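Worksheet: one structure, shown below.
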Protein chains: 2
Amino acid sequence: MTDRSARRADQRTEAIKRAALDLAREAGYAKLSVEAVAARANVGKHTVYRRWPSRGLLFLDAVLSLSAEELSHPRTGDVVADLRAVMTKAVDLLGRPPWGPLYQALIGEAQHDPEVAAGLNRRFIEPQTADTRARLQDARERGEIASDADLDLAFDLLSGPLYYRLLITQKPITHEYIDRVLQAVLAGMGPGPQTR
Amino acid sequence: MTDRSARRADQRTEAIKRAALDLAREAGYAKLSVEAVAARANVGKHTVYRRWPSRGLLFLDAVLSLSAEELSHPRTGDVVADLRAVMTKAVDLLGRPPWGPLYQALIGEAQHDPEVAAGLNRRFIEPQTADTRARLQDARERGEIASDADLDLAFDLLSGPLYYRLLITQKPITHEYIDRVLQAVLAGMGPGPQTR
DNA sequence: ACCTTAACGGCACGATACGTGCCGTATTGA
DNA sequence: TCAATACGGCACGTATCGTGCCGTTAAGGT
């Protein structure tokens, strides 16, 4: 039974990721060490290094495993409502405790480790971007936003301020703030003739 | 002469900051250690720790000392031109080598060390924000942008996408991209009646 | 010109974490 | 039943941390 052995390996993998998340939540990512994770998971250090080449990539796996699926959302046909829903969901999950500090630390680690940065982009940022971009494209085809709107730019304008608050000023990101961003960005991309 | 002793202390302080920047440029911030900095600066470790409590705050000082003054800019009276000038200057300095990777690493460190985050905000982000915000306010009073425009939001909309590119997608930030951001944001805040 | 004081460079220390090697055990799959 | 694989535990050498001590140098008051 290959299933049986794979299940055992998966159990260990999950235990390690769980231990890493628990420790990061308790003491902060800065205090996270492979030794501590292995001890917490009742596992030898080899068992960790056999699965991940670095602390950063382990942490990437740990954070993504628990936030990947929880960001799905329906398409109602109303762009503004859909965008508000996805932005609110993302901010509530990744911008507040308990996940906020972990996501913040993950992006911080990505600034020091190119492999973490690449993995974060490929496995999380790009899929999420593609999803939201598809919504924007639908909206453009339906005439809810201007036919000449730059969708990639629109996405950056919507996401950028949220990340700026999370990573730089660290002010709280309220639903009201999301609404203001949405309104301002779409005001410049509404249907009809552009001002310039 | 207190001047003389102060000058000697300053020389050492500068030598340490210089050594830190050199090492960070050569090997990356991840490899930067207090030991290496002290050795490079021909200084004992105490002399470093007497001045800074942590590697992060030393690095903060080192990066800010060389980028603080170089971001001044004139006010011509044309908001768009002024904003384009300051954004271009900031991006050219902090978004490209040699300073780009260092600024990126500094923000990364701020995600792990609250003291670095606080110092970065107080000493760099907030002054820069205040300056740009004042320009926006001038523009609003002159009628170049809508009288009911939210200036803080406008600043976030202008800055956010640039930081998003620097820290997350790591795509190049061209002058043409800055122009597109400016145009899109101001399109939604132009003078005249608002759409909503 | 002298002398107290403070800052300094050099060295060593215990502590922590790194990544790897070895050993004996347990589980797997043929 | 047996060879192979993954495992937990332990130990090792290295790197860096932050601090303590020691002898030296330079500063500033008298």
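The values are calculated or read from the model by the stated rules, or taken from the named source; none is laboratory data. Just so it is clear, the structure is predicted and the values come from calculations on it, not from any experiment. Positions of Cβ are generated from backbone atoms using ideal geometry, with glycine treated the same way; all protein chains shown enter the neighbour counts. Calculation scope for accessible area: heavy atoms of the full protein, side chains included, ligands and nucleic acids excluded. Shrake-Rupley method; radii C 1.70, N 1.55, O 1.52, S 1.80 Å.
Could you work out how far the C-alpha centroid of region A:33-86 sits from that of region B:1-65, in angstrom?
Taking the Cα centre of region B:1-65 as reference, the centre of region A:33-86 is 37 Å away.
Calculate the FRET efficiency for B:ASP148 and A:ARG7 from the Cβ-Cβ distance with a Förster distance of 56 Å, rounded to the nearest 0.05.
Values: r = 61 Å, r/R0 = 1.08.
With a Förster radius of 56 Å, E is 0.40.
With the label 7 angstrom out along Cα to Cβ, how close does A:PRO97 come to the same site in each of the other copies, in nm, nearest first?
Shortest to longest, the spacings are 4.2 nm.
Just from its helices, what would the mean residue ellipticity at 222 nm be for the protein assembly as shown, if runs of 4 or more DSSP H residues each count -39500 (n - 2.57) and the sum is divided by every residue, rounded to the nearest 500 deg cm²/dmol?
Details: 20 runs with 260 residues, N = 392.
The helix-only estimate for the protein assembly as shown comes to -21000 deg cm²/dmol at 222 nm.
Set the Förster radius R0 to 25 Å, insert the Cβ-Cβ distance between B:ARG75 and A:LYS171 as r into 1/(1 + (r/R0)^6), and round the FRET efficiency to 0.05. Mind showing how you got there, number by number?
Values: r = 27 Å, r/R0 = 1.09.
Once rounded, the FRET efficiency stands at 0.40.
Compute the signed sum of charges (Lys and Arg +1, Asp and Glu -1) over the other residues within less than 15 Å, Cβ to Cβ, of B:ARG4. Provide the component values of the computation, followed by the final result.
On the way: positive: B:ARG7, B:ARG8, B:ARG12; negative: B:ASP3, B:ASP10.
Local charge sum for B:ARG4: +1.
Which distances in nm, rounded to one decimal and ordered from shortest, link the label point of B:GLY77 to the equivalent label points in the other identical copies, with labels set 7 Å from Cα toward Cβ?
Label-point separations across copies, in nm and ascending: 5.3.
Enter the accessible area per residue of region B:69-187 (Å², integer; probe 1.4 Å; all protein chains in place).
Working: 5010 Å² over 119 residues.
With the other protein chains kept in place, region B:69-187 gives 42 Å² per residue.
If you add up the charges near A:VAL181, with Lys and Arg at +1 and Asp and Glu at -1, over every other residue whose beta carbon is less than 11 angstrom from its beta carbon, what do you get? Before the final figure, lay out the partial values.
On the way: positive: A:ARG84, A:ARG165, A:ARG180; negative: A:GLU176, A:ASP179, B:ASP150, B:ASP156.
In short, -1.
What nm distances, shortest first, do you get from the label point of B:VAL34 to those in the other copies when the point sits 7 angstrom along Cα to Cβ?
2.5
Which positions within region B:157-194 get 50 Å² or more of their accessible surface covered by the other protein chains, compared to the chain by itself, with a 1.4 angstrom probe?
Residues losing area: B:LEU157, B:TYR164, B:LEU167, B:ILE168, B:ARG180, B:ALA184, B:ALA187.
Which entries in A:LYS45/B:LYS171; A:LYS31/B:LYS171; A:LYS89/B:LYS89; A:LYS31/B:LYS31 show an alpha-carbon gap greater than 25 Å? It would help to have the intermediate numbers written out before the result.
Values: A:LYS45/B:LYS171 36 Å; A:LYS31/B:LYS171 31 Å; A:LYS89/B:LYS89 35 Å; A:LYS31/B:LYS31 17 Å.
Violating the 25 Å limit, Cα to Cα: A:LYS45/B:LYS171; A:LYS31/B:LYS171; A:LYS89/B:LYS89.
Using Cα springs under 10 Å in a Gaussian network model of chain B, which residue among B:ARG140, B:ARG122, B:ARG96 shows the largest mean-square fluctuation?
B:ARG122
With the calculation restricted to Cα positions, what are the radius of gyration and Dmax of chain A in angstrom?
Reported Rg and Dmax, both Å: 19.8, 67.
Just how large is the dipole of region A:69-187 about the Cα centre, in debye to the nearest 20, putting +1 at every Lys and Arg Cβ and -1 at every Asp and Glu Cβ?
On the way: 13 positive and 19 negative charges, 59 e Å.
It works out to roughly 280 debye.
What is the mean projected area of the alpha carbon convex hull for region B:2-51, to one decimal in square nanometres?
3.3 nm²
Put +1 on the Cβ of every Lys and Arg and -1 on every Asp and Glu Cβ in region A:69-187; which of A:HIS175, A:GLN104, A:HIS73 then has its Cα farthest towards the positive end of the dipole?
The residue sitting most towards the positive pole is A:HIS175.
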